[in-house]
Amino acid sequence: MQKTRIFGFLLVLMVIVLAACSSVNKTATKDAKDNDKTSNSEKTDVAATPSGKLVIYTGRDEEMVKKVIAQFNEKYPDIEVEFLTMGAQQILERLRGEKANPQADFWWGGTQSALTVGANEDLLHAWKPSFNDSIDAAYKDADGRWFGEMLLPEVIMINKELLTKETGPQDWDDLLDPKWKDKILIRGVLASGTMRTIYSSMILRQGADTPEKGYDWLLKLDANTKEYTQDPNALYLKMTRQEGSVSLWNLQDILLKKYTTDYPFDYIYPKSGAPILVDGVAVVNNAKNLENAKLFTEFIFEKGMVTQLANDYYQIPTRSDIDKAAMPEWYKELDLKTFDIDWQLMTEKEAEWMEHWDNNIKGRGKK
């Protein structure tokens, strides 16, 4: 009888132990499944984090480009960014050559004319970013293939150690005065979107009905031009060495050099007005890293970045919804006087006009 009771007790005990083990196993299995879910969730989040590459062709100041990219990488650390610096026209020509196999994802810093040509040649991707409605129709492509980031008034640049705002040329036609002979330095025209815009606008300024008057004007300017420099850096160096005292350039770069470097530069805003270039950006059509290019576009158009670039790099933004109180003093004091320019006509004729200048005018004014 006693043995029977002991056996029964042991049997009950075994049942209890087995039940407990089963409970532990179920809990362990449930925990493992939960851990798998967490792991899968984490994997999903990692996969959703932007990564990969971004290749940028840019005409912007290299120091600024590096700083903006560094900030972009703070937000998107897994995106590897590469950039190449060249003139806007050079970027256009390179994108043409790479159309069948694009090597760039983003075009940062192109003239309105160059970007329009690129759009018409199916080189640029059409889309609608979040800031689209804050950009005036005059500063963007109607089909969303490029967007103006900033405005660039084209002005007269001087070496302030040799000239003052009062003693330098006061307007475009003053540049033709013989007193400026061999005092004018010009950045190589054909490779520069800025210079192509200035020269084309000078042709339009003389009369859009015929370019002949404009060609004659440029011939007289050529007579006073000492040298066409290879690139902007060569222009800055020669101006600083006082090899010339006058040039034509965009306001942003002049302000950058005036306030952030030792270059002795200042500017004169032409009395009759200045051609105001729309300088923009675009995502390359069939880009290998399309989404990263879009992310970068959104990043540089964020309101905080727009005001930062205005304060640090003297950019005049195209966004119409920026708080002016957050903008720098130099911006509040600007009077952006311009003259009428038929941008569509200039876009259509620019290549023809610049080819004529290169073949028939450059270097012939002194003869």
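The values are calculated or read from the model by the stated rules, or taken from the named source; none is laboratory data. All figures in this text were calculated on a predicted structure; none of them were measured in a lab. Note that each Cβ is placed from the backbone with ideal geometry, even for glycine, and that neighbours are counted across all protein chains shown. Side chains are part of the model used for accessible areas, which takes the heavy atoms of the whole protein and leaves out ligands, DNA and RNA. Shrake-Rupley method; radii C 1.70, N 1.55, O 1.52, S 1.80 Å.
Using packing as a proxy for protection, rank 195-205, 283-293 so that the peptide with the highest average count of other Cβ atoms within 10 Å comes first.
195-205, 283-293
Angle between the Cα long axis of helix 212-224 and the longest principal axis of the chain, 0 to 90 degrees, nearest 10?
90
Could you give me the ³J(HN,Hα) list for the stretch 113-122, computed from phi with Karplus coefficients 6.51, -1.76, 1.60 and θ = phi - 60°, whole Hz, x at Gly and Pro?
In residue order, the calculated couplings are 5, 5, 5, 5, 4, x, 5, 5, 9, 6 Hz.
Report, in debye and to the nearest 20, how large the dipole of the stretch 50-116 comes out about its Cα centre when Lys and Arg carry +1 and Asp and Glu carry -1 on their Cβ. Don't skip to the end; give the middle numbers.
Details: 8 positive and 10 negative charges, 39 e Å.
Roughly 180 debye for the stretch 50-116.
Under a 1.4 angstrom probe, counting protein chains only, how are 260, 111 ranked by accessible area, largest first?
On the way: 260 80, 111 5 Å².
So the residues, ranked largest to smallest area, are 260, 111.
Can you give me the C-alpha center-to-center distance between the stretch 69-146 and the stretch 306-332, rounded to a whole angstrom?
22
In the structure shown, do any of 213/349; 53/303; 160/226; 128/349; 181/366; 128/294 have a Cα-Cα gap over 20 Å, and if so which?
53/303; 128/349, as the Cα separations exceed 20 Å there.
Which whole number of Å³ per residue matches the convex hull of the alpha-carbon atoms in the stretch 96-181?
188
Heavy atoms only, 1.4 Å probe, whole protein assembly: order 320, 192 by accessible area, highest first.
Of 320, 192, the descending order of accessible area is 320, 192.
Just the C-alpha atoms of the stretch 67-146: what Rg/Rh do they give, with Rh taken as the Kirkwood radius?
Result for the stretch 67-146 is an Rg/Rh of 0.98.
Heavy-atom accessible area per residue, the stretch 156-224, 1.4 Å probe: how many Å²?
Details: 2640 Å² over 69 residues.
Averaged over the residues of the stretch 156-224, the accessible area is 38 Å².
At 222 nm, what helix-only mean residue ellipticity would the chain give, in deg cm²/dmol to the nearest 500, using -39500 (n - 2.57) for each DSSP H run of four or more?
Working: 12 runs with 169 residues, N = 367.
That comes out to -15000 deg cm²/dmol.
Mind checking the angle between helix 88-97 and the chain's longest principal axis? C-alpha axes, 0 to 90 degrees, to the nearest 10.
The helix 88-97 is inclined about 60 degrees to the chain.
Taking only protein heavy atoms into account and a 1.4 Å probe, give the accessible area per residue of the stretch 231-367 in Å².
45
Can you tell me the orientation of helix 251-260 relative to the chain, as the angle in degrees between its alpha-carbon axis and the longest Cα principal axis, to the nearest 10?
Once rounded, the angle reads 70 degrees.
Could you work out what % of the accessible surface of the chain is carbon and sulfur, using a 1.4 angstrom probe and leaving DNA, RNA and ligands out of the count?
51
In the calculated pair distance distribution of the stretch 170-219, what percentage of Cα-Cα distances lie above 16 Å? Don't skip to the answer; put the middle values down first.
Numbers: 570 of 1225 pairs.
Counting every Cα pair in the stretch 170-219, those more than 16 Å apart make up 47 percent.
Only Cα pairs under 8 Å and at least 6 apart count here; give the relative contact order of the stretch 156-281 as a rounded whole percent.
Result for the stretch 156-281 is 44 percent.
Normalising by the residue count of the chain, find the relative contact order in percent from Cα pairs under 8 Å and 6+ residues apart.
24
Using only C-alpha positions, report the orientation-averaged shadow area of the convex hull of the stretch 230-367, nm², one decimal. Let's see the in-between values first.
Details: hull surface 48.6 nm².
Quarter of the Cα hull surface area: 12.2 nm².
Mind listing the Cα extents of the stretch 144-236 along all three principal axes, in Å, largest one first?
45, 32, 26
Can you divide the C-alpha Rg of the stretch 211-276 by 2.2 N^0.38 Å and report the result to two decimal places?
On the way: Rg = 13.5 Å, N = 66, 2.2 N^0.38 = 10.8 Å.
Rounded to two decimals, the normalised Rg is 1.25.
About its Cα centre, how strong a charge dipole does the chain have in debye, to the nearest 20, once Lys and Arg get +1 and Asp and Glu get -1 at the Cβ?
The dipole magnitude comes to about 1280 debye.
Taking square-rooted eigenvalues a ≥ b ≥ c of the alpha carbon gyration tensor, is the chain rounded, prolate or oblate, where a/c under 1.5 means rounded and, failing that, a/b exceeding b/c means prolate? It would help to have the intermediate numbers written out before the result.
Details: a/c = 3.65, a/b = 3.00, b/c = 1.22.
Prolate, since a/c reaches 1.5 and a/b exceeds b/c.
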